[in-house]
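A.B. asks: Okay, handing you the structure first.
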Amino acid sequence: MLDIQKIREDVEGVRQGILNKNVTIDFETILKLDQTRRDVISEVEVLKHKRNLVSKEVATRKKNQADASDLIDRTREIGGRIKALDDQQRETEVKLEECLMQIPNLPHDSVPVGSDASENPVIKAWGTRFEPDFNLKTHLEIGESLKLFDFPRGTKIAGPGFPLYTGKGARLERALINFMLDFHIDEHGYTEVLPPVVSDRKAMTTTGQLPKFEDDMYKIPQDELYLIPTAEVPVTNIHQGEIIPEEDLPIRYCAYSSCFRREAGSYGKDTRGFLRLHQFNKVELVKFTKPQDSYSELEKLRRDAEEILEALGLEYRVIELVTGDLSFAAAKCYDIELWAPGEDTWLEVSSCSNFEAFQARRGAIRYKPEGGGKVQLLHTLNGSGVATPRLLVALLESYQQQDGSVVLPEVLGPYMGSAGLHLE
RNA sequence: GGAGACGUGGCCGAGUGGCUUAAGGCGGCGGCUUGCUAAGCCGUUGAACGUUCCGACGUUCCGUAGGUUCGAAUCCUACCGUCUCCGCCA
């Protein structure tokens, strides 16, 4: 949510920023609602002040056994008008809030202006291309021959997009999750949390999934809960409604969770194997920072994700998203993509974003400055560190051998245990 | 799932319709004291919104939402949450 005060003060600047995100908003209606709201508040506050004074006078007279019926009549009349104005205020605020909830976050000044993903600049590349002199297999071919997963049976249980990992494939999935968690906890100083995989409407609204993207999520109507599309939702909401002492910042959480996405509207796109799923595993990084620190923390966050890929020896590149490709809640975002030699393509495994105060305002997440300054909104950030399905794809395809087996990188040794690093 | 108890500021806790402008304590902050010293004394203490001549002023907030009333932390209704007991259960 944007600051209504900022909209009031610089509507043209806001309009242009939102336009750069390819969104058009009717700001005139918003400003009118804002004006109405303030007018009504002014009026009702005068009346309430009057009521308070007269009520006090009633109390005084009653104490002195005096008659107060004339005052009571007057207050009754004032009370009626207050009720009407209170209703009007509530109505106006609901409408205003509905409008504000529809506005995406403003892009940061440093974000290149552009209309869509085709304009996203590549800002970094790391690693060397895996180009052996034998014919490369895709992860599906590798997985089937080594019995690492079983898509037909997964589909039998829950429909397409719900993967079933088997044998050493299941072990590898678990190894990757544990490796990434330990790495972020021990090397990068994150605090581990293991959150619920469902969240309520309020939590989904804080992070920006609601009210606009209801159809993208799995819903449990009986309990008014949603399956989380990312651990970002429950983890960001850990501090919903709280005022955090400045000395506790930054807070860095690291969380593993299953993620659930309906992927509505994307049927027929990347449907092969692990490229796009309804359920997948992800290690997520979430930060709460002071406003002045959020951009340096974004760079560190991106490094934290990159280092996972470097430790696994996988070729990656970093993309900076242009304004038109930024998600609803993001002010700035980097995507990290892995090279999948078998698929012969880049696969997005991480998205690192700074939301500035956008989520904090929706969820009332604030901090109290040391030395007693005014309480203010903090900044939230998050990034995948990283999602497993496409990581698994790149890993299997990058470490495949001519004989069809796979030799995993050494860092996974402790996690593969008795299964070993040689999948055959 | 059944029964009961409870929900007040950062924390503890008083408050059963007007004397509350939420007592008192703890903690925090500022100051004074320096033979009450593992201390003492004094002062101070939250959030949101609106107006503003930037000095302030006003309104709201006692789990949440409604209701009764001239007036609600206090009475009524619903919901949410916590705890205890019973049932069920990995």
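The values are calculated or read from the model by the stated rules, or taken from the named source; none is laboratory data. The structure displayed is predicted, hence computed values, not measured ones. Because the Cβ atoms are built from the backbone with ideal geometry, glycine has one as well, and the counts that use them run over all protein chains shown.
A.B. asks: For the structure I just gave you, tell me whether A:Ile25 is of a type in the set (A, V, I, L, M) and either within 23 Å of A:Thr323 (Cβ to Cβ) or in the same structural domain as A:Ser327 (by TED's automatic domain parsing) (or both). Please lay out each step first, then the result.
C.D. replies: On the way: of a type in the set (A, V, I, L, M): yes; either within 23 Å of A:Thr323 (Cβ to Cβ) or in the same structural domain as A:Ser327 (by TED's automatic domain parsing) (or both): yes.
Criteria met by A:Ile25.
A.B. asks: Picking from A:Ile103, A:Ile177, A:Ile142, A:Ile157, which residue would you name as being farther than 26 Å from A:Trp339 by Cα and in a helix (DSSP H, G or I)? It would help to see each step written out before you state the result.
C.D. replies: Details: A:Ile103 fails: in a helix (DSSP H, G or I); A:Ile177 fails: farther than 26 Å from A:Trp339 by Cα; A:Ile142 fails: farther than 26 Å from A:Trp339 by Cα.
On inspection, the qualifying residue turns out to be A:Ile157.
A.B. asks: Another question about this same structure. Sort out which residues of segment A:349-390 are more than 30 Å from A:Phe274 (Cβ to Cβ) and assigned to a helix (DSSP H, G or I), and write them in order of number.
C.D. replies: Our first condition is that a residue be more than 30 Å from A:Phe274 (Cβ to Cβ); within segment A:349-390, this holds for A:356-358, A:360-379.
Residues satisfying the conditions are A:Phe358, A:Ala360, A:Arg361, A:Arg362, A:Gly363.
A.B. asks: Here's a follow-up. Tell me which residues, restricted to segment A:79-104, are more than 16 Å from RNA strand B (Cβ to nearest atom) and either over 24 Å from A:Gln35 (Cβ atoms) or aliphatic (A, V, I, L, M) (or both).
C.D. replies: Answer for segment A:79-104, where residues must be more than 16 Å from RNA strand B (Cβ to nearest atom) and either over 24 Å from A:Gln35 (Cβ atoms) or aliphatic (A, V, I, L, M) (or both): just A:Ile103.
The rows are residues; the columns are (1) away from RNA strand B (no atom under 11 Å from the Cβ); (2) more than 28 Å from A:Ile365 (Cβ to Cβ); (3) modelled with pLDDT of 90 or more; (4) not charged (D, E, K, R).
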| site | (1), (2), (3), (4) |
| --- | --- |
| A:Val11 | yes, no, yes, yes |
| A:Asn20 | yes, no, yes, yes |
| A:Thr60 | no, yes, no, yes |
| A:Glu77 | no, yes, no, no |
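A.B. asks: Looking at (1) closer than 30 Å to A:Gly342 by Cβ; (2) under 15 Å from the mean Cα position of the chain (by Cα), find the lone condition where A:Arg272 falls short.
C.D. replies: Status for A:Arg272: all satisfied but (2).
A.B. asks: Being in a strand (DSSP E or B) and touching a helix residue (DSSP H, G or I) at 6+ places or on another chain (Cβ under 8 Å) is the filter; apply it to segment A:292-332 and report the residue that is nearest to A:Trp346 (Cα to Cα).
C.D. replies: From segment A:292-332, those in a strand (DSSP E or B) are A:316-320, A:332; that's our starting set.
Filter again for touching a helix residue (DSSP H, G or I) at 6+ places or on another chain (Cβ under 8 Å), leaving A:316, A:318, A:332.
On the way: A:Tyr316: 8, A:Val318: 11, A:Lys332: 21 Å.
Among residues in segment A:292-332 that are in a strand (DSSP E or B) and touching a helix residue (DSSP H, G or I) at 6+ places or on another chain (Cβ under 8 Å), the one nearest to A:Trp346 (Cα to Cα) is A:Tyr316.
A.B. asks: Go through (1) part of a helix (DSSP H, G or I); (2) within 16 Å of RNA strand B (Cβ to nearest atom); (3) more than 16 Å from A:His239 (Cβ to Cβ) and name the single condition A:Leu396 misses.
C.D. replies: Going through (1) part of a helix (DSSP H, G or I); (2) within 16 Å of RNA strand B (Cβ to nearest atom); (3) more than 16 Å from A:His239 (Cβ to Cβ) one by one, A:Leu396 breaks only (2).
A.B. asks: Also: A:Ala170 - would you say it is in a helix (DSSP H, G or I) and without any contact (Cβ under 8 Å) to a residue 24 or more places away in the chain?
C.D. replies: Details: in a helix (DSSP H, G or I): yes; without any contact (Cβ under 8 Å) to a residue 24 or more places away in the chain: yes.
When the stated conditions are applied, A:Ala170 passes them.
A.B. asks: Can we say A:Ser257 is surrounded by 15 or more Cβ atoms within 10 Å (Cβ to Cβ), in the same structural domain as A:Glu173 (by TED's automatic domain parsing), within 20 Å of A:Ala360 (Cα to Cα) and modelled with pLDDT of 90 or more?
C.D. replies: Working: surrounded by 15 or more Cβ atoms within 10 Å (Cβ to Cβ): yes; in the same structural domain as A:Glu173 (by TED's automatic domain parsing): yes; within 20 Å of A:Ala360 (Cα to Cα): no; modelled with pLDDT of 90 or more: yes.
When the stated conditions are applied, A:Ser257 does not pass them.
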